[in-house]
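One structure below.
The values are calculated or read from the model by the stated rules, or taken from the named source; none is laboratory data. All values reported here derive from a predicted model rather than from experimental measurement. All Cβ positions, glycine included, derive from the backbone under ideal geometry; neighbour counts span all protein chains shown. The accessibility values were calculated without ligands, DNA or RNA, using every heavy atom of the protein model including side chains. Shrake-Rupley method; radii C 1.70, N 1.55, O 1.52, S 1.80 Å.
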Amino acid sequence: MSNPSPSSPVPPARVAHPRRRSGVRAAQISAIIVALVALPGIALSSTALPGTALNGAALADAPHPAAPATPKPALRVDLAVGSAATASSTAAGAPAANAVDGSATTAWCANQWTGSVVVDLGRSESLDSVGFTLAATASPSTVAVDLGTVAGVWQPVSSARNLAANGDTPAYVPLPAGQKARYARLTVTTGDGTPACVGELRLYGRDTATDGMMLGADLSFTAQELAAGTRFSDRGADTDPVRAMRDHGANYARIRLWLAPPAGYSDLANDLALARRVVASGMKVYLDIHYSDFWADPQHQDTPAAWQGQDLPTLAATVRGYTHDVIAAFARQGTPVSMVSIGNEIRNGMLWPTGQIDWTADTGWDNLATLLKAGVAGAESANPPHHQLRVMLHFDEGGNNADSYRFFTNLVSRGVPFDVIGLSYYPFFHGPVAAFRDNVDKLATQFGKDIVVAETQYAWTLANGDTTGNFVWQASQTEGGYPISPGGQLSLDSDLLSILAQLPGGHGAGLFYWEPEWVPGVGWEPGAGTPNDNLTLFDFQGRALPSIGLFENPAAVCRRGDPYSVPCVIAP
């Protein structure tokens, strides 16, 4: 995640956080160190880390959760994204296509108090449920849903007649098992005579494009949260972040790596312990290497203290050796890395000043390419035989195609080898969902590479769990059509996954939620708080929110909390 830039607003009367970091007090650090476990042969080479070695010590992880005995929940996405749409009438600037563009922010509006929008999927599909969000400005309305396999021949959905619905509220209607349809019609009638408006009509079903998706979350604060005494629960049962994400459909965990952070943070020893827990749970490892002692993002990419003063050839050799040793360490303990990002949010380069990019002068690309090639070579040289390791380059502006295209064009033209385009997409930093869809659609065609949302988040509340100012603290920072609630989180993430599923060439490859477990109790640096506690998938007390089901069927997630109401709405 990108830190707010120096010019970004900071909530009044709160503690500013110049960098996004986390920390624990001495007592918390001691609680992390349950035992020291010898890891023979994992000392890093002196070439890679001058003056530094792991010395065989690692934090012992808590008992691993057992691998799942039952199939994981099935991901369902909106099959209507990008489908043909028509309407009974259309207000100026609010076409029918807006109802199926993947974004609840844009809306179709009728030019009168009642109207219908019709979606054609192009072929008959098996559907699990229907979802809809009336426009953020829509007045209370009644809604009806009809389905059909033949144009103009409608079958009413018996459970979706004369439903009460409010604007800016994602709602879901389950369908009978075996339901098939090519066409869907949503009819909306307002109660006050204002025009009917629909932000998004969603038709949920299985899409084979999602079968190989990498689904997960950055869980790097897990050990620190547990050491700080956080008790995590899911529907009343004790759990931990790794187990909870796995139980709700995740197949990967993202782990960040720093060289020399404060004690207790994501160094190699702590990451190896977390990787053992992750792999024991049945998930794979996505390693996010920062190439910095602590936080690295577009605002700062500090060269590690032990590497400072090296010229470009020496620094490239150091990067290669360090990356090799890290990937080898994970492999040696039976937790091989399945995806690695060479740098974190490297829009402005890495390992400053040597690898820094100046966008205005259009300089620095050659040095950055040299360092990236070194990192890729080091990773590939340590990857175990017959194990697939995917290499990501991570760019932060997920809603900006002009900058994304320029960045990746510069690296591709210089021969940097990589497999995956990684993007951070935070609506409050990177623009509306429509801009995200525009970017990923174009990137898939422009480069023909798989695309992964490496980081994303949304707010479930504007309340603050501690005294540190949050990244999001006011309604103006949020996206219309997605309320500030667990339901808004779930709806947004489901729409992002649905957009990825329809990318040209099948290049939508996955999504990772950033730090769902970073609740109050662990700070961004030692002694500080967290600016992230209202963007999590757990509440301030560590209880899983409904949005933890982001990799499932949204209608099924909703019905777990309310099995009787139709339409089902996730309570704020």
> Between ARG256 and residues 5 or more places away or on another chain, which pairs have amide H atoms under 5 Å apart, with H built 1.01 Å from N, and which residues are they?
Replying inline: SER220, ASP288
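Where the accessible area of the stretch 454-506 is counted over protein heavy atoms with a 1.4 Å probe, how much of it, in %, is carbon and sulfur?
After summing per-atom areas, the C and S share lands at 53 percent.
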>> Defining a contact as two alpha carbons under 8 Å apart and six or more residues distant in sequence, what relative contact order in percent does the chain show?
In response: 19 percent
> In Å², what does the accessible area per residue of the stretch 65-222 work out to with a 1.4 Å probe?
Replying inline: 38 Å²
>> Report the Cα centroid-to-centroid distance between the stretch 271-299 and the stretch 319-389 in angstrom, as an integer.
In response: 14 Å
> Taking Cα atoms, how many degrees apart are the long axis of helix 312-332 and the longest axis of the chain, rounded to 10 and kept between 0 and 90?
Replying inline: 70 degrees
> Whose amide H sits under 5 Å from the amide H of GLU525, counting only residues 5 or more places off or on another chain, with H placed in the peptide plane?
Replying inline: ARG21, SER22, GLY23
>> Sort 462-472, 255-265 by packing, meaning the average of other beta carbons within 10 Å per residue, with the highest value first.
In response: 255-265, 462-472
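Filter the chymotrypsin sites (Phe, Trp or Tyr not before Pro) in the stretch 506-572 down to the DSSP loop ones having no more than 15 other Cβ atoms within 10 Å, then list what survives.
Filter output for the stretch 506-572: TYR564.
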> For the stretch 337-385, which whole percent of the accessible surface, found with a 1.4 angstrom probe, sits on carbon and sulfur atoms?
Replying inline: 47 percent
> Which percent, to the nearest 5, of DSSP beta bridges fully inside the chain are antiparallel?
Replying inline: 55 percent
> Check ALA87: other-chain or 5+ apart residues with amide H under 5 Å from its amide H, H built from backbone geometry?
Replying inline: VAL118
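Filter LYS373/LYS442; LYS373/LYS449; LYS180/LYS442 down to the pairs with a C-alpha to C-alpha distance above 29 Å, please. Walk me through the numbers on the way to the answer.
On the way: LYS373/LYS442 25 Å; LYS373/LYS449 18 Å; LYS180/LYS442 31 Å.
Pairs exceeding the cut-off: LYS180/LYS442.
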> Pairing the Cα long axis of helix 433-447 with the longest principal axis of the chain, what angle in degrees results, from 0 to 90 and rounded to the nearest 10?
Replying inline: 60 degrees
> Between rounded, prolate and oblate, where does the stretch 255-319 land on the alpha carbon gyration tensor, with a ≥ b ≥ c its root eigenvalues, rounded for a/c under 1.5, else prolate if a/b exceeds b/c?
Replying inline: prolate
> Rg(Cα) of the chain divided by 2.2 N^0.38 Å?
Replying inline: 0.97
> Does the stretch 273-358 come out rounded, prolate or oblate, given a ≥ b ≥ c as the square roots of the eigenvalues of its C-alpha gyration tensor, rounded meaning a/c under 1.5 and, failing that, prolate meaning a/b above b/c?
Replying inline: prolate
> With θ set to phi - 60° and the Karplus curve 6.51 cos²θ - 1.76 cosθ + 1.60, what are the ³J(HN,Hα) couplings of the stretch 284-296 in order, to the nearest whole Hz, using x for Gly and Pro?
Replying inline: 9, 9, 10, 9, 10, 8, 7, 6, 7, 5, 9, 3, 10
>> Per-residue counts of other Cβ atoms within 10 Å, averaged by peptide: what ranking do you get for 173-185, 97-109, highest first?
In response: 97-109, 173-185
> Give me the Kirkwood hydrodynamic radius of the stretch 125-269 in Å, from all C-alpha pairs, to one decimal place?
Replying inline: 19.1 Å
>> Treating the stretch 413-572 as a set of equal point scatterers at the Cα positions, no solvent, please give the Debye-formula log₁₀ I(q)/I(0) at q = 0.13, 0.16, 0.18, 0.20 Å⁻¹.
In response: -0.67, -0.94, -1.11, -1.25
